[in-house]
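Contents: one structure, followed by commentary.
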Amino acid sequence: MNLRRLLLISVPYLWLTALFLVPFLIVVKISLSTTAIAIPPYTPTLDLAQGWAGFKDFLSQLSFDNFTFLTQDDLYWKAYLSSLQIAALSTLFTLIVAYPIAYGMARAPDEWRPTLLMLIILPFWTSFLIRVYAWMGILSDEGLLNQFLLWLGVISSPLHIMNTSKAVYIGIVYTYLPFMILPIYAALDKMDDSLNEAAVDLGASRLSAFWLVTLPMSRPGVIAGCFLVFIPALGEYVIPQLLGGSKTLMIGKVLWDEFFSNRDWPVASAVAVVLLVILIVPIVLFQRNQQKQQEAES
Amino acid sequence: MAQVKPQIVFDPWNDPKAKPLIQCRSITKRFGDFTAIDTIDLNIYEKEFFALLGPSGCGKTTLMRMLAGFETPTEGKITIDGQDVAQVPPNKRAVNMMFQSYALFPHLSVWENIAFGLKREHAPKERIEERVAEMLRLTRLEKFARRKPHQISGGQRQRVALARSLAKAPKLLLLDEPLGALDKKLRQDTQFELMDIQERTGTTFVIVTHDQEEAMTVASRVAVMNAGEIMQIATPADIYEQPNSVYVADFIGDVNIIEGNASPVSGGPEGAISIAYGEGQDPVQAIATSPVTEGAKVFYAIRPEKITVSHQPDPDRANHAFGKIIDIAYLGNISTYRVQLANGQLISATMTNARRLERRAFTWEDEVWLSWTRTAGVVLTK
Ligand SMILES: Nc1ncnc2c1ncn2[C@@H]1O[C@H](COP(=O)(O)OP(=O)(O)O)[C@@H](O)[C@H]1O
Ligand SMILES: [Mg+2]
């Protein structure tokens, strides 16, 4: 292999090392440390000036205590489970909302599609934080939604959505909808319409043609979309913090509290490391899905 | 005792009592204000191998899609087996289509693709397996039953598409440019295979093609289309020998078109006319099948292989023309000579190469006589 190719290939790896691996190793190291009233708020710190002896001393002070602690306090595993549940359910809701939209877009006349795609991406033009704040205005007891429903006469007293997990689901579905729509749309758009006609020609009804042909054909897009929603939703902090109130337990919030309220960096780091380990499973599955799809297309 | 092999002529279209399987009555199809199909009348009989031939964009696929039920005619009526199909959706028609793109389901195996239609009619499991096995055998795909469409070659995919569309034993099979994606050698083999399968299954085939050789090879009858209209429907031999218009003559094979003014010849055979086509040229002696008026403008179409090239005019033939060879296309078994007449008219003539190349009788710039008989060409009025 010549030098040029080696350089080219090494670029992404250098990035990964600098932006992921090194910070991750630092987090792992902190998770193995003990809290201290100091800056930074943990010991030991590595002092290279003391040479090999110093390094050995440093290693001997590291321990897995923080990880053991996570298993002892049920707050943590409850938060993990609750996060998994919220992430999984909201992924499902996002899929249910996104599929018809993606399907409609793929069926739309050609000249409409760029506009529709634009509309899907449009929300990204304003800050995510502002859009979540806007939902507070919509969902609160005196919010737009309640006012509207009261005016319609559908309800007689305001619905309590704000500061419940319902608001978190709504927030996640809203925020991650484009990440679900786009891969499904891409899969449906690639699909040749004559496949559906062939199914109908062979005796299938429109509905069973959808079920037997369109849906399986869009599967790679559905899988990609689900991972793109599930993975970030699992560690979501802003949405549960702003919309979920104190009762909604999510690991992102626990993480924040450990870091900034308790200033317990080692435990916070341990929480983060475990979260990453949990995330590795879906990420690996996602990679395999992408790879399989690429093989099928080549 | 020697027996005469019985000759069964298949020509239901000549039998006034025969009932066509498909009848199109004044079918018109418009997309917006564009007319894709313009008042077409068409009868297709059972067991026929019917070819729709025409250039790209002339409406062949549109006509097929109306038969399959994917488009509804703007005007006119289609009946299949005597039944008006206007209200019958595609999944309820005893018609199957082999798509131009094959449209194989990529997520299903070859076996599952072929079984797809049978499963939709909820046939019993053994029946499905039996039928799929039969189709796999018919198309020689047994070895590939478990493969996915992307794991087989183009020719094999074409056969899967055929097997899939035949599996339900449709009354009518529509094939939209089925061989378009294959290379020439494979195409020719597949044409014979198609004919064989059509004969064995007894299915009525309607094939779309823009390749005139293909249409001539496979079809019992050919409809030549142009810009949404049918120009002529006839057997391949009649299309070739008796084209009804310059368009058809020109579309099928090579042809010389001589434009001139006709005048009836008295005393000759019935319908004899002579066509004056140029200063100093002997008028062409021909037979008109329909009466022509004195001085009417006509086109005389003659195939290159009907003309002989020689150093002396051939006294046995009624027509002669003198000219100079300006080009020779050597094709191995035959050579085509391009001869320019004194009035500038170019005529192609094909001769078989009975002799070896170096002993060839004619070469560039030679002055030669072209001769052909009175009945060699056809007189066309449009
Ligand atoms: N759905 C449609 N909308 C508008 N125009 C169409 C449609 N389908 C076909 N056409 C037009 O009708 C003409 C005939 O098309 P087609 O039947 O596909 O031709 P062929 O199969 O002979 O190549 C073409 O000019 C095509 O652009
Ligand atoms: Mg076509």
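The values are calculated or read from the model by the stated rules, or taken from the named source; none is laboratory data. Quick caveat: nothing in here was measured; it's all calculated off a predicted structure. Positions of Cβ are backbone-derived with ideal geometry, glycine not excepted, and every protein chain shown enters the neighbour counts.
Observations on the model:
- Among the residues of region B:59-77, those that are in contact with a helix residue (DSSP H, G or I) (Cβ under 8 Å, 6 or more places away or on another chain) and either away from ligand 2 (no atom under 16 Å from the Cβ) or among the hydrophobic types (A, V, I, L, M, F, W, C) (or both) comprise B:Ala68, B:Gly69, B:Phe70, B:Thr72, B:Pro73.
- Qualifying residue in region B:145-153 (condition: in the same structural domain as B:Leu67 (by TED's automatic domain parsing), out of contact with any Phe, Trp or Tyr (no Cβ under 6 Å at 6 or more places or on another chain), among the basic types (Lys, Arg) and over 25 Å from B:Gly57 (Cα atoms)): no
- Of residues in region A:44-78 being of a type in the set (Val, Ile, Thr) and in a helix (DSSP H, G or I), the one farthest from A:Ser33 (Cα to Cα): A:Thr71
- Selection from region B:199-216 of residues that are buried (at least 19 other Cβ atoms within 10 Å of the Cβ) and of a type in the set (Gly, Ala, Ser): B:Ala215
- Subset tally (residues that are surrounded by 11 or more Cβ atoms within 10 Å (Cβ to Cβ) and small (Gly, Ala, Ser)) for region A:25-59: 4
- Residue count for region B:127-146, restricted to those that are part of a helix (DSSP H, G or I), of a type in the set (A, V, I, L, M), more than 14 Å from every other protein chain (Cβ to nearest Cβ) and within 32 Å of the chain's Cα centre (by Cα): 2
- A count restricted to region B:35-54 and to residues that are of a type in the set (Gly, Ala, Ser) and within 12 Å of ligand 1 (Cβ to nearest atom) stands at 2.
- Residue check, B:Val218 of a type in the set (Val, Ile, Thr), within 29 Å of A:Gly203 (Cα to Cα) and within 14 Å of another protein chain (Cβ to nearest Cβ): no
- Residues that are more than 27 Å from the chain's Cα centre (by Cα) and small (Gly, Ala, Ser), drawn from region B:80-114: B:Ala86, B:Ser109
- One residue alone among A:Phe93, A:Phe148, A:Phe128, A:Phe179 is free of Cβ contacts under 8 Å to residues at least 12 places away in the same chain, out of contact with any strand residue (DSSP E or B) (no Cβ under 9 Å at 6 or more places or on another chain) and farther than 30 Å from B:Asn91 by Cα, and that residue is A:Phe148.
- Some residue of region B:203-214 being touching a residue at least 12 places away in the same chain (Cβ under 8 Å), touching a Gly at 6+ places or on another chain (Cβ under 8 Å), assigned to a helix (DSSP H, G or I) and under 26 Å from B:Leu21 (Cβ atoms): yes
- Check on A:Val284, more than 14 Å from chain B (Cβ to nearest Cβ) and either among the charged types (D, E, K, R) or in contact (Cβ under 8 Å) with a residue 40 or more places away in the chain (or both): no
- Test: residue in region B:179-198 that is within 16 Å of ligand 2 (Cβ to nearest atom), buried (at least 21 other Cβ atoms within 10 Å of the Cβ) and not in a strand (DSSP E or B): yes
- Residue that is modelled with the lowest pLDDT, among those in region B:254-284 that are assigned to a loop (DSSP other than H, G, I, E, B) and under 19 Å from B:Lys382 (Cβ atoms): B:Gly271
- Each residue in region A:200-217 was checked for being surrounded by 21 or more Cβ atoms within 10 Å (Cβ to Cβ), facing another protein chain (nearest Cβ under 7 Å) and on the phi < 0 side of the Ramachandran plot, and 5 pass.
- Residues of region A:221-265 that are free of Cβ contacts under 8 Å to residues at least 12 places away in the same chain and assigned to a helix (DSSP H, G or I): A:Asp257, A:Phe259, A:Phe260, A:Ser261.
- Evaluation of A:Asp189 against (1) touching a residue at least 24 places away in the same chain (Cβ under 8 Å); (2) buried (at least 19 other Cβ atoms within 10 Å of the Cβ) (one fails), failing number: (2)
- Within region B:187-211, the residues that satisfy the criterion of being of a type in the set (S, T, N, Q) and over 11 Å from B:Phe49 (Cα atoms) are B:Gln188, B:Thr190, B:Gln191, B:Thr201, B:Thr209.
- If you go through region B:147-168 and pick out every residue that is among the small types (Gly, Ala, Ser), part of a helix (DSSP H, G or I) and more than 13 Å from chain A (Cβ to nearest Cβ), you end up with 2.
- Exclusive hit being assigned to a strand (DSSP E or B), among the charged types (D, E, K, R) and exposed (fewer than 14 other Cβ atoms within 10 Å of the Cβ), set B:Asp327, B:Asp316: B:Asp327
- Filter result (within 15 Å of ligand 1 (Cβ to nearest atom) and within 12 Å of another protein chain (Cβ to nearest Cβ)) within region B:55-89: B:Thr61, B:Met64, B:Arg65, B:Leu67, B:Ala68, B:Gly69, B:Phe70, B:Glu71
- In this structure, B:Val95 does not satisfy being more than 28 Å from B:Thr217 (Cα to Cα), more than 16 Å from ligand 2 (Cβ to nearest atom) and aliphatic (A, V, I, L, M).
- Index of the failed condition, B:Pro106 passing every other in (1) within 14 Å of chain A (Cβ to nearest Cβ); (2) within 16 Å of ligand 1 (Cβ to nearest atom); (3) modelled with pLDDT of 90 or more: (2)
- Looking at A:Trp15, A:Trp52, just one residue is at pLDDT below 85 and of a type in the set (Phe, Trp, Tyr), and that residue is A:Trp52.
- Options A:Met118, A:Met136, A:Met105: the member that is more than 30 Å from A:Met191 (Cα to Cα) and at pLDDT 90 or above: A:Met136
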